[in-house]
Amino acid sequence: MRPYILLKSFPGSLAAWSREKSPRRIRAAVASSAPLLAKVDFNEFDKQVETILTKSDPDCVSNIRSIFRLLVEKMKTLKGRREIVRVFRLDDSLLRPGMSEKDVQNFFFVVRNYINFIIMHSAVNARIHRDLLTLHSMCDKLRGGTSIKQLRDVISMVMKAHGKSPLTPIDISYRNFVEFMKNERFGRPSSQPRAWLYQNCNEFGHFTTSEDPNGLFGDTVPLSFFIDRCQHVFGPEYTEERILKNIADTNDYFGGNQHFRVYFTFRNNVQTFTQMEDRKTLMGFYTMKMSAFINKSYRDCLLKSHILL
């Protein structure tokens, strides 16, 4: 019997691609929220995040943009960096005489990821994501001003929801990150994130850059930040040219998000849908058409996924 494969996010990409590569061996694949196109500079990421937030609360977008602009300005002076370290409860990376540009970029990358984590899981009907880590709760904490403490409050909300103290400090040292990721021993805390970074550098890319000064997160996380992470963890041979070729090879082999035969009933080969409030929508495959026989609740369920038959 040919198997059905059900996976989500990046493993969902493998499910979709495996069905396309081996249609005689795999009966069907459900690939929920799967980015099918490998891409080095995923600069569309910020725009999609902004689109999602704008639909939920336009004021929230303005507040986040203002806070990140304020952080960029404070980062330019020692006094401002001291305030950032105090409010966000950081290590002393930003206060050292030889402060690294990578420490600054890593700070923005880490802080930005807390916002993106909430957006990715908001309204998921499971435990903390349904009741606590929602767009509404995040935007409420950012309402009524644009102080950097409000952003730390959002981070504390995520920490508390995961059973940590809301005052848990944050290590934004780039050097500490590299040393952690260079640990090759199996079964260590670094094993999973190291394997994922290796796939980023060799297969998928999906480096979520923030290089638009007028964007939601400003010009804070350039592509060079991600390229350097590949080089510093895996070796100097990981140049931008090599990484670009690696990702191009992935698309050549699997076909990216093209060439899927799309139908709209379970009697045919392929059904493909994706949730619009999804940061990875632009890397997937989306169609607005629906079969008439699909009822509303079933349609809403399908809109959460890429479904390939």
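In summary, helices (runs of 4 or more DSSP H) completely within the range 208-309 and bearing 1 or more residues that are among the β-branched types (Val, Ile, Thr) and at pLDDT below 95 occur at 240-254.
Among helices (runs of 4 or more DSSP H) entirely within the range 97-164, having at least 3 residues that are assigned by TED's automatic domain parsing to the domain that holds LYS74 and within 22 Å of ASP59 (Cβ to Cβ) singles out 101-121, 135-141, 148-161.
Regarding GLU203, is this residue of a type in the set (D, E, K, R), at pLDDT 95 or above and not in a loop (DSSP other than H, G, I, E, B)?
On the way: of a type in the set (D, E, K, R): yes; at pLDDT 95 or above: no; not in a loop (DSSP other than H, G, I, E, B): yes.
No.
Can you spot a residue in the range 101-122 that is free of Cβ contacts under 8 Å to residues at least 12 places away in the same chain, of a type in the set (Val, Ile, Thr), over 27 Å from GLU179 (Cβ atoms) and out of contact with any Cys (no Cβ under 9 Å at 6 or more places or on another chain)?
Here is the first cut: in the range 101-122, the ones free of Cβ contacts under 8 Å to residues at least 12 places away in the same chain are 101, 113.
In the following step, the residues that additionally are of a type in the set (Val, Ile, Thr) were identified as none.
Checked against the condition, which is being free of Cβ contacts under 8 Å to residues at least 12 places away in the same chain, of a type in the set (Val, Ile, Thr), over 27 Å from GLU179 (Cβ atoms) and out of contact with any Cys (no Cβ under 9 Å at 6 or more places or on another chain), the range 101-122 yields no hits at all.
Only one of the numbered conditions (1) farther than 19 Å from MET120 by Cβ; (2) under 16 Å from the mean Cα position of the chain (by Cα) is violated by TYR174, and that is (2).
Take LEU36 and decide whether it is touching a residue at least 24 places away in the same chain (Cβ under 8 Å), over 30 Å from GLN150 (Cα atoms) and buried (at least 19 other Cβ atoms within 10 Å of the Cβ). Even if it seems obvious, please write down each step before you answer.
Numbers: touching a residue at least 24 places away in the same chain (Cβ under 8 Å): yes; over 30 Å from GLN150 (Cα atoms): yes; buried (at least 19 other Cβ atoms within 10 Å of the Cβ): yes.
In short, yes.
Taken over the range 170-189, the criterion of being outside any helix (DSSP H, G or I) and more than 19 Å from MET159 (Cβ to Cβ) is satisfied by LYS182, ASN183, GLU184, ARG185, PHE186, GLY187, ARG188. Somewhere in the range 22-34, is a residue among the β-branched types (Val, Ile, Thr) and assigned by TED's automatic domain parsing to the domain that holds GLN199? No, because not a single residue in the range 22-34 is among the β-branched types (Val, Ile, Thr) and assigned by TED's automatic domain parsing to the domain that holds GLN199.
The values are calculated or read from the model by the stated rules, or taken from the named source; none is laboratory data. As the structure is a prediction and not an experimental result, all values here were calculated from the model. Positions of Cβ are backbone-derived with ideal geometry, glycine not excepted, and every protein chain shown enters the neighbour counts.
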